[in-house]
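A.B. asks: The structure's right below; bear with me while I get my questions together.
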Amino acid sequence: MNQQSKVAVIGAGVMGEALISALISSGVNPNHITISEKREERAQELITKYSINEAPLAINVSDADALLLVVKPQDMGSLLEEIKSTINPSALVITFAAGKTISFISNGLGTSNPVVRVMPNTPTLVGEGMAAASMGVGVTAAHHDFVLGFLGATGKVIEVDEGLQDAVTATSGSGPAYFFAFVEAMVSGAKELGLSEQDATTLTIQTMVGAAKLLEESGKSATTLRENVTSPNGTTAAALASFNDDKLNSIVAKAMKAARDRSQELA
Ligand SMILES: NC(=O)c1ccc[n+]([C@@H]2O[C@H](COP(=O)([O-])OP(=O)(O)OC[C@H]3O[C@@H](n4cnc5c(N)ncnc54)[C@H](OP(=O)(O)O)[C@@H]3O)[C@@H](O)[C@H]2O)c1
């Protein structure tokens, strides 16, 4: 695998587009990217926007050195059935479908193509994603570098054993929704304290964005930063004591276990 390799993107929806953009940012020539997408209007939009190519599924799959499977989990079984007889036997297969295991992909294809399973998250759409990749049998060092290379252009990427993908789903996959739920709770709390919806929203969102940047750019831990804004017997201490009384840590841990368990069930 190298930047001259031919890459097929199957399913060019929301996540497919983010990945096309990442492939190009990581140095893959747009001329070497070919999409297959059910919705022709959507395919044309992306061809114009990124100067990539389009091909019917069977041709795309037989030509490609790497295949990015970016369809919804419920469409994956029928997609594998459609491509199993035409896939290039040495092509790297990279699956992004939540809950679909490497063995599901290999069994569905009935081939020994190397498979990488990736769990991305929605901030990928703004270049601040968090992805976790698990390498299947037969994945070479070149495949590994290619995958981590382009995923690095979507935000950050780590490598995990596949057995931990359900825990990853419960952390970074579903994590953005926990954050949004916390924003909703703070906006609602601020309104109860008398602020308008607009002011409550502005104050909450900018506080979250600023705190996240401070966490990333200061190099300090969340614990240190929390302690820095908490003076003894002050206002923050009063709020944190209330969180503590209501067992915030166990509420969050219980919710994450529920997400992990649901991910296991869906797989
Ligand atoms: N969006 C996210 O932030 C996110 C986060 C984590 C994981 N993921 C994973 O990424 C995958 C894609 O999600 P998405 O949100 O990008 O979905 P999406 O917007 O629905 O995009 C999938 C696209 O693939 C097309 N498609 C389905 N079967 C096809 C086939 N056989 N050949 C060619 N095209 C086909 C669909 O067309 P039709 O609509 O006509 O069926 C659709 O345009 C999912 O498996 C999801 O679990 C997404």
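A.B. asks: Kindly indicate which of 200, 238, 211 is of a type in the set (Gly, Ala, Ser) and in contact with a helix residue (DSSP H, G or I) (Cβ under 6 Å, 6 or more places away or on another chain).
C.D. replies: Values: 238 fails: in contact with a helix residue (DSSP H, G or I) (Cβ under 6 Å, 6 or more places away or on another chain); 211 fails: in contact with a helix residue (DSSP H, G or I) (Cβ under 6 Å, 6 or more places away or on another chain).
Answer to the check: 200.
A.B. asks: Further, regarding this structure: Would you check which residues across region 22-65 are in contact with a Phe, Trp or Tyr (Cβ under 7 Å, 6 or more places away or on another chain) and of a type in the set (Gly, Ala, Ser) and list them?
C.D. replies: Within region 22-65, 22, 26 meet the criteria.
A.B. asks: Would you say residue 97 is open to solvent by less than 10 Å² (accessible area, probe 1.4 Å), more than 15 Å from residue 20 (Cβ to Cβ) and part of a loop (DSSP other than H, G, I, E, B)?
C.D. replies: It is true that residue 97 is open to solvent by less than 10 Å² (accessible area, probe 1.4 Å), more than 15 Å from residue 20 (Cβ to Cβ) and part of a loop (DSSP other than H, G, I, E, B).
A.B. asks: For region 129-144, give me each residue that is surrounded by 15 or more Cβ atoms within 10 Å (Cβ to Cβ) and either polar (S, T, N, Q) or more than 18 Å from residue 93 (Cβ to Cβ) (or both).
C.D. replies: Those that are surrounded by 15 or more Cβ atoms within 10 Å (Cβ to Cβ) and either polar (S, T, N, Q) or more than 18 Å from residue 93 (Cβ to Cβ) (or both): 129, 130, 134.
A.B. asks: It is to be established whether one or more residues within region 165-175 are within 21 Å of residue 99 (Cβ to Cβ), open to solvent by 30 Å² or more (accessible area, probe 1.4 Å) and outside any helix (DSSP H, G or I).
C.D. replies: Within region 165-175, one or more residues are within 21 Å of residue 99 (Cβ to Cβ), open to solvent by 30 Å² or more (accessible area, probe 1.4 Å) and outside any helix (DSSP H, G or I).
A.B. asks: Are there helices (runs of 4 or more DSSP H) fully within region 221-267 with at least 3 residues that are more than 30 Å from residue 163 (Cβ to Cβ)? List them.
C.D. replies: Details: elements: 222-228, 235-245, 248-266.
Of the helices (runs of 4 or more DSSP H) lying wholly inside region 221-267, those with at least 3 residues that are more than 30 Å from residue 163 (Cβ to Cβ) span 222-228, 235-245.
Yes or no, residue by residue, for (1) in contact with a strand residue (DSSP E or B) (Cβ under 8 Å, 6 or more places away or on another chain); (2) modelled with pLDDT under 95; (3) closer than 30 Å to residue 251 by Cβ; (4) within 14 Å of the ligand (Cβ to nearest atom):
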site: 107; (1), (2), (3), (4): no, no, no, no
site: 110; (1), (2), (3), (4): no, no, no, no
site: 140; (1), (2), (3), (4): no, no, no, no
site: 177; (1), (2), (3), (4): no, no, yes, yes
site: 188; (1), (2), (3), (4): no, no, yes, no
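A.B. asks: Any chance region 184-197 includes a residue that's within 13 Å of the chain's Cα centre (by Cα) and basic (Lys, Arg)?
C.D. replies: No: region 184-197 contains no residue that is within 13 Å of the chain's Cα centre (by Cα) and basic (Lys, Arg).
A.B. asks: Something else about it: Show the residue pairs meeting these rules: Cβ distance below 6 Å; 6+ apart or different chains; first residue within region 122-145 and more than 20 Å from residue 97 (Cβ to Cβ); second residue more than 10 Å from the ligand (Cβ to nearest atom) and among the aliphatic types (A, V, I, L, M).
C.D. replies: Short answer, once both residue conditions are applied: 142/1.
A.B. asks: While we're here: Kindly indicate the residue of region 61-78 that is open to solvent by less than 10 Å² (accessible area, probe 1.4 Å) and within 11 Å of the ligand (Cβ to nearest atom) and also farthest from residue 140 (Cα to Cα) among those meeting that condition.
C.D. replies: 76
A.B. asks: Ok, one more. Hey, could you check region 10-33 for residues that are outside any helix (DSSP H, G or I) and touching a strand residue (DSSP E or B) at 6+ places or on another chain (Cβ under 8 Å) and say which is farthest from residue 68 (Cα to Cα)?
C.D. replies: 28
A.B. asks: Moving to a separate point now. Scan region 66-77 and report the pairs whose first residue is among the β-branched types (Val, Ile, Thr) and whose second residue is surrounded by 14 or more Cβ atoms within 10 Å (Cβ to Cβ), with Cβ atoms within less than 6 Å and a gap of 6+ or a chain change.
C.D. replies: Close Cβ pairs satisfying both conditions: 70/11; 70/15; 70/16; 70/96; 71/11; 71/79.
A.B. asks: Same structure again: Look through region 1-44, keep the residues that are of a type in the set (Ser, Thr, Tyr) and out of contact with any His (no Cβ under 9 Å at 6 or more places or on another chain), and return whichever of them is nearest to the ligand (Cβ to nearest atom). Can you show your working first?
C.D. replies: Within region 1-44, the subset of a type in the set (Ser, Thr, Tyr) is 5, 21, 25-26, 34, 36.
Applying the additional criterion that residues be out of contact with any His (no Cβ under 9 Å at 6 or more places or on another chain) yields 21, 25-26, 34, 36.
Working: 21: 13, 25: 18, 26: 18, 34: 12, 36: 5 Å.
Among them, the one singled out is 36.
A.B. asks: Quick one: in region 145-161, of everything that is more than 10 Å from residue 116 (Cβ to Cβ) and assigned to a helix (DSSP H, G or I), which residue is least open to solvent (accessible area, probe 1.4 Å)?
C.D. replies: Here the residue is 150.
The values are calculated or read from the model by the stated rules, or taken from the named source; none is laboratory data. Because the structure is a prediction, the values reported are computed rather than measured. Don't worry about glycine lacking a Cβ; one is built from the backbone with ideal geometry, like all the others, and counts go over all protein chains shown. Heads up: the accessible areas ignore ligands, DNA and RNA and are worked out on the full protein's heavy atoms, side chains in. Shrake-Rupley method; radii C 1.70, N 1.55, O 1.52, S 1.80 Å.
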